[in-house]
Each structure stands twice: as structure tokens, then as C-alpha cells.
Amino acid sequence: HGGRAVSLCARRLWAVAATRGLPAARVRWDSSSSRAVIAPSAVAGKRTPEPAVRWQEDPDVEDENLYEKNPDSHGYDRDPVVDLWNMRVVFFFGFSVVLVLGSTFIAYLPDYRCMGCGPPHVYPRASASRMQEWARREAERLVKYREANGLPIMESNCFDPSKIQLPEDED
Amino acid sequence: MLKIIIPTTMLIPLTWLSKSNMIWINSTTHSLLISLISLSYLNQFSDNSLNFSLLFFSDPLSAPLLALTTWLLPLMLTASQNHLSKETIARKKLYITMLTLLQLFLIMTFTATELIMFYILFEATLAPTLIIITRWGNQTERLNAGLYFLFYTLVGSLPLLIALLYIQNTTGSLNFLIAQYWVKPISTTWSNIFLWLACMMAFMVKMPLYGLHLWLPKAHVEAPIAGSMVLAAVLLKLGGYGMMRITVLLNPLTGQMAYPFLMLSLWGMIMTSSICLRQTDLKSLIAYSSVSHMALVIVAVLIQTPWSYMGATALMIAHGLTSSMLFCLANSNYERVHSRTMILARGLQTLLPLMAAWWLLASLANLALPPTINLLGELFVMMASFSWSNTTIALMGTNIIITALYSLYMLITTLRGKQTDHVKNIKPSFTRENALMALHLLPLLLLSLNPKIVLGPIH
């Protein structure tokens, strides 16, 4: 009980010191309980309480709130005109030019890797990606044709056996 | 290539000669136009590579990385505008110059033909990054962070210089396009083992490999937002890109030498994901998650199968965009609360609902939600490593679970719950911040519609 009474007094003293503007140590962290103890009515009659106590949640003095001078601030600059133009420039060149035109460019990139480039053996070799989209379309077209005409979809022979000329057996 | 290099170089006079209220507008506009030009390199019609000159070439591996690099500069400029608003005009111009110089070196690194030129530019990227971290970082630890960053990378890459000079002397050329065809299998002698180590350690440090990753949390946390973005999105990928190029010269020794690094990566992937679960610092969490994702890329590059290479490339691009976006989100918190501690800024969903939507999408991309290319990369790497050794599936699966855990942990801590008292008067989200997040996310989502451009030279 003694301890609590002491601390109560200490906080009261603190509040009085703060409102009277006496030099109190500036603390970054105030416990919320100190605010609960200060009863404004106790000091209200004596003097107008100045906001001399800095709370943690007050904005930093060095922080500039761009919304204060310019409520429509986009966050780029203090000057509203420069701020507006900066926003427009970023959005136009960033989204409308690069993202949109760039995506269109990439979407329409050709399908084919160069079929006859480079020497026969290179490390590493990319073979499967040549003309992939064409190959898929051609396969679908052939399958559709063969199914429509009742032909087998695939033959097990890679090449036509009648066109292969084997050397004659020599005994 | 000059159509990208010259405009990037000219961004520097543009910045210095612009009026003081136009520097950001001018530099953002022109860097966006440069990124539009770089998209043209994605038209890779050759099986092999597009050879522009004796110095530069582009390849289905380097073209997406080039596009990522050039796309990132306008995003870095947009992200930096707020924290630089109090600086003098000369300091702002110097910052933009550092970013542009870094961009220039990175562009030339990704497209270099000669490996010595690649090495010189690889080292050159350290200088602007160091200046950005140590001059514009926010805490006193930034000096230590810069030191770690510089010396880890330098010590790793000096042996690379010696190895490259040795290869130049013995093979006669370090032109990458020629070296592909002239490469002879190297035998398992002690000198070849050291050659392999010398070649690979620079990139292992850069990736970073788990045991050599100490520089990364420091550098990422202490760097200002643009520094964090470029470190996470592009500089880490330099390591992956370099590894994919240099392993061409180092076969078949890689098959034996890779084991310790594979073990370190597989284990490190789980360790760093677990560390993420215990982080209090938001940027540190994102930094460790970068280590975890890059460990997957190391595993993929060292296994050297076609699918793993495709997965590695996709993962690099996906991680670049996702990680950069997460750093931007963390920075938007930091600019309001001036603290990186996660629990200090809780319950932001009720205050900033649109930003919460960006947080959600970025975290979902980070935990490799289908159909993003993050999932594509992780899945390909997982399948390739399973075929390399069945046991790795247990580790990969554990990593995926822990990745989901810490991504959701990050989401829940920053967004859900009751707000702390002191965040009640934070400023609403600016258009700038929302545009920044959209510019990160939209390419990622668009790539999930057409992933074949980021699947690399094997596809």
C-alpha cells in the first residue's frame, strides 16, 4: 500500500510539473496509467493546461505531414504542381507505356527459335522450345483430320518402311 | 546494347542539370523509358544467344535479369523520394547518381561477354552500393554493415580474378561464347579443385551460401530503401548468374565438388527460414528469407539439370520482384513509425486497408502461391533435386512449410490484431506507395501468364 501511495504521489507530482511547464525529463514512452491518474479537473481551475506533455503517438517533429499543406498530396513532393505531375508521369510511363505496351510486345513475340542456328553441339541446348505453339496447333489439326477420316492417329513407324533402302546381305 | 548503356549513362548529366523540382520527374521518366527498351531483349529468337558486339551479348538467361535491373531503377527512385526530401539538392542528385551508376554497372555485368569484363564490373558494383549503405543508412550499424558487405565480397572474389587469369592463360580466351565450345573436361587434381573453389566462392558469397551469409542481414537492414531493393533484387542474382556462367567451364568436376555446398545450402535453407520465425526486426526477416530463397537457387545451379536451371532462372526473377516489394512495404511502415520492430506497428489492416492488400499479395507471392512464377521456380527446383536425390524432398518440403509459416507470421503481426496506441495517427497511404507496390506486383502477375520468357536458355 505504501508503495502504491508513493507512486500515486509521484504521478500527481509529474502531472503538476508537466502542466506547470517545469522541466521534466522528456520520456519517449509514457505509460498509459499515468494518463489515467491525471484528473484534468484537479488542475483545470488553476491554469489553462498547455499541451506541454508529448505523447508517444504525437507525430515526430521532424516528420513532415505532406497532407497538411496539400490534402490532395500524392506523396511525391511538397509543391502541389510538381507532386501532381510526378504522379502523372509515374502512372503514364510506368503503367500505360511500359506495362501495357511492354506486355503487348511480349505477348506477340514470335514462337520460333531459330531452327538452323549454331553448331551441332552446344552446351546447353534448347531443342524442345522450337516452334512449340506451331507444333501443338499442327498436332491438333492432324489428330482432328485423322479421327475424321478413320485413320489411326499415330503410326508406330517413324519413317515409311518402303522408303528405307537396306544394304544387301553379303555372305 | 548501346541503346541501353548510353541513355543510362546520360541519366547522370540529366540529374545534375535538371531544375531542382524536376530531378525526380526527369529521372523517373527516363529510367522507365530505358526499361521499355530493355524489354526488347526478351525477343530471344536464337537457340544460342544474341551477339551484339565483341563486348556484349544477351541470352535467354541474361535478358530477364537485364529487364529486372532496368525496371528496378524507376522503382528505387520512387521509393527514395520521401526519405530524401529533407536532404540538400546536391545530396539528392548524388544519390540518384549512385543509383544510376550502379544500374549502369549491373547492365554491363549481365551482358558482358568477356569474363574479365564481367569480373571488373562485378567488383565495380560494390562501390556505389557501399556508398549508398554507409552514407544514407539510418543507424550507426551501417558502417559495420558496409564493412562486412565489402570485405566478404572482396575476399570471395579475389581468387576468382586469379582463376580467370589462369583460364585465360591456358585456354587463350575468356570470351564466354567461345569458351562454351572450347571447354575441355577438367580432371580431379588438387590444382583443379582449387581452381573450382576459386571460381565459385565469389558467387557463393554473393548468393549468399548459408555459411557465408553474415553480410546479408546487416547490409539489407542498414541500407536505405533503394539500397535494400537493389541488393535483394539484383545483386544477389549476380551470384546466381555468375554461377550459371562459370559452371560451363568447370565440368565434370562440379559433380564431385558440389557436395559440401549442396549440403550447406539444403541445411541453410531450413535454418534461415527458421530464423525468420524468430525475428523481431521486419527488414531482418525479409533479409533472411532472401537467403533461404537463394539457397534454393544454389542447389539448382549445382545440380545442373535442365529443369533445375529453368527453376533457378524463374526463381531469381520472381524473388527479385517479391523481395523488393516486401522491402518497400517494410519501408512504408518504417517511414511512419520510425522503427523496424514488427510488434511496434501492429494491426495496420484497419488503418491502411489497401496497403494491407499489397502486404497480403506480396506475402502470398513470397510463400510461392500458385500460379506465380515463385511457385514455378520452387517446384522445378524441388523436382530436380528429388530426382538428384530422393531424400532432399524432406528438406524441401520442410522449407516450404516454414516459408509459409514465417510469411503468415509477418502478415499477422503487422496487419492483424488490435493496433498499438501510437500508430493511430499515422498518415494514410500515399499514391506513390500504392503505385510502387502495383509496379512491383503487376509484372510478377503478368509473368505468371507467360512464364516461358523467364525460364532461361534451356526452355
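The values are calculated or read from the model by the stated rules, or taken from the named source; none is laboratory data. On a predicted model such as this, the values are computed, not experimentally measured, just so you know. Don't worry about glycine lacking a Cβ; one is built from the backbone with ideal geometry, like all the others, and counts go over all protein chains shown.
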(message) Test of understanding: among A:E68, A:E62, which residue is at pLDDT 60 or above, at the interface with chain B (Cβ under 9 Å from one of its Cβ atoms) and at negative phi?
(response) A:E62
(request) Output yes when any residue across segment B:63-76 is in contact (Cβ under 8 Å) with a residue 40 or more places away in the chain, in a loop (DSSP other than H, G, I, E, B) and under 20 Å from B:T29 (Cα atoms), and no when none is. (result) no
(message) Quick check on B:S20: is it among the hydroxyl-bearing types (S, T, Y), modelled with pLDDT of 95 or more and touching a helix residue (DSSP H, G or I) at 6+ places or on another chain (Cβ under 7 Å)?
(response) no
(message) Looking at (1) closer than 25 Å to B:Y288 by Cα; (2) surrounded by fewer than 19 Cβ atoms within 10 Å (Cβ to Cβ); (3) touching a Gly at 6+ places or on another chain (Cβ under 7 Å), which one does B:Q419 not meet, given that it meets all the others?
(response) (1)
(message) Considering only segment A:107-118, I want to know if a residue exists there that is modelled with pLDDT of 85 or more and surrounded by 11 or more Cβ atoms within 10 Å (Cβ to Cβ).
(response) yes
(request) For segment B:135-154, name all the residues that are part of a helix (DSSP H, G or I) and buried (at least 20 other Cβ atoms within 10 Å of the Cβ). (result) B:W136, B:R142, B:A145, B:G146, B:F149, B:Y152, B:T153
(request) Name the single residue, out of those in segment A:71-96 being more than 8 Å from chain B (Cβ to nearest Cβ) and charged (D, E, K, R), that is farthest from B:K86 (Cα to Cα). (result) A:R88
(message) Please go through segment B:409-428 and give me each residue that is within 8 Å of chain A (Cβ to nearest Cβ) and among the basic types (K, R), ordered by number.
(response) B:K424, B:K427
(request) Show the residue pairs that are 6+ apart or on different chains and have beta-carbon atoms under 6 Å apart, the first residue being within segment B:441-454 and more than 7 Å from chain A (Cβ to nearest Cβ), the second being surrounded by fewer than 16 Cβ atoms within 10 Å (Cβ to Cβ) and part of a helix (DSSP H, G or I). (result) none
(request) Find the residue count for segment B:34-60, including only residues that are in contact (Cβ under 8 Å) with a residue 60 or more places away in the chain, among the aliphatic types (A, V, I, L, M) and at the interface with chain A (Cβ under 10 Å from one of its Cβ atoms). (result) 1
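Could you tell me whether B:L369 is more than 30 Å from B:L266 (Cβ to Cβ) and either assigned to a loop (DSSP other than H, G, I, E, B) or within 11 Å of another protein chain (Cβ to nearest Cβ) (or both)?
Numbers: more than 30 Å from B:L266 (Cβ to Cβ): no; either assigned to a loop (DSSP other than H, G, I, E, B) or within 11 Å of another protein chain (Cβ to nearest Cβ) (or both): yes.
No.
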(message) So B:L442 passes all but one of these: (1) surrounded by fewer than 23 Cβ atoms within 10 Å (Cβ to Cβ); (2) more than 20 Å from the chain's Cα centre (by Cα). Which condition number does it fail?
(response) (2)
(request) Take segment B:189-226 and flag every residue that is assigned to a helix (DSSP H, G or I), surrounded by fewer than 22 Cβ atoms within 10 Å (Cβ to Cβ) and of a type in the set (S, T, Y). (result) B:S191
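Is at least one residue of segment B:61-75 of a type in the set (F, W, Y) and surrounded by fewer than 23 Cβ atoms within 10 Å (Cβ to Cβ)?
Residues of segment B:61-75 that are of a type in the set (F, W, Y), as a first pass: B:71.
Right, trim to surrounded by fewer than 23 Cβ atoms within 10 Å (Cβ to Cβ) and you get none.
Looking through segment B:61-75, none of the residues is of a type in the set (F, W, Y) and surrounded by fewer than 23 Cβ atoms within 10 Å (Cβ to Cβ).
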(request) Could you please let me know if B:T431 is at the interface with chain A (Cβ under 10 Å from one of its Cβ atoms), free of Cβ contacts under 8 Å to residues at least 40 places away in the same chain and over 22 Å from the mean Cα position of the chain (by Cα)? (result) yes
(request) Just give me the residues in segment B:46-88 being among the aliphatic types (A, V, I, L, M) and over 16 Å from B:V230 (Cα atoms), in sequence order. (result) B:L50, B:L54, B:L55, B:L61, B:A63, B:L84
(request) Collect the residues in segment B:329-343 that are within 24 Å of B:L84 (Cβ to Cβ) and among the hydrophobic types (A, V, I, L, M, F, W, C), keeping them in residue-number order. (result) B:L329, B:A330, B:V337
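Among the residues of segment B:255-288, write down those that are over 17 Å from B:T392 (Cα atoms), among the polar types (S, T, N, Q) and assigned to a helix (DSSP H, G or I).
Answer for segment B:255-288, where residues must be over 17 Å from B:T392 (Cα atoms), among the polar types (S, T, N, Q) and assigned to a helix (DSSP H, G or I): B:Q256, B:S274, B:S284.
Can you find, within segment B:77-114, the residue that is surrounded by the fewest Cβ atoms within 10 Å (Cβ to Cβ) among those that are in a helix (DSSP H, G or I) and of a type in the set (S, T, Y)? Outline the logic, then answer.
Filtering segment B:77-114 for residues in a helix (DSSP H, G or I) gives B:77-80, B:89-111.
Within this subset, residues satisfying the condition of being of a type in the set (S, T, Y) are B:78, B:80, B:95, B:97, B:100, B:109, B:111.
Details: B:T78: 26, B:S80: 23, B:Y95: 25, B:T97: 18, B:T100: 25, B:T109: 26, B:T111: 26.
So, considering only residues that are in a helix (DSSP H, G or I) and of a type in the set (S, T, Y), the one surrounded by the fewest Cβ atoms within 10 Å (Cβ to Cβ) is B:T97.
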(request) Could you tell me whether A:G21 is surrounded by 14 or more Cβ atoms within 10 Å (Cβ to Cβ) and either at pLDDT below 55 or closer than 30 Å to B:N43 by Cβ (or both)? (result) no
(message) Take B:S31 and tell me if it is within 30 Å of A:Y76 (Cα to Cα), at the interface with chain A (Cβ under 10 Å from one of its Cβ atoms) and out of contact with any helix residue (DSSP H, G or I) (no Cβ under 7 Å at 6 or more places or on another chain).
(response) no
(message) Can you tell me which condition B:V248 does not meet? The list is (1) assigned to a helix (DSSP H, G or I); (2) among the β-branched types (V, I, T); (3) over 30 Å from B:W71 (Cα atoms), and all the others hold.
(response) (3)
(message) Cβ-Cβ under 7 Å, sequence separation 6+ or interchain: first residue in segment A:125-136 and more than 8 Å from chain B (Cβ to nearest Cβ), partner modelled with pLDDT of 85 or more. Which pairs?
(response) none
(message) Against the condition more than 13 Å from chain A (Cβ to nearest Cβ), within 22 Å of B:V301 (Cβ to Cβ) and modelled with pLDDT of 95 or more, how does B:Y95 come out, does it pass?
(response) no
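Look through B:I120, B:I37 and report the one residue that is hydrophobic (A, V, I, L, M, F, W, C), within 18 Å of B:L11 (Cβ to Cβ) and assigned to a helix (DSSP H, G or I).
Working: B:I120 fails: within 18 Å of B:L11 (Cβ to Cβ).
Just a single option satisfies the conditions, and that option is B:I37.
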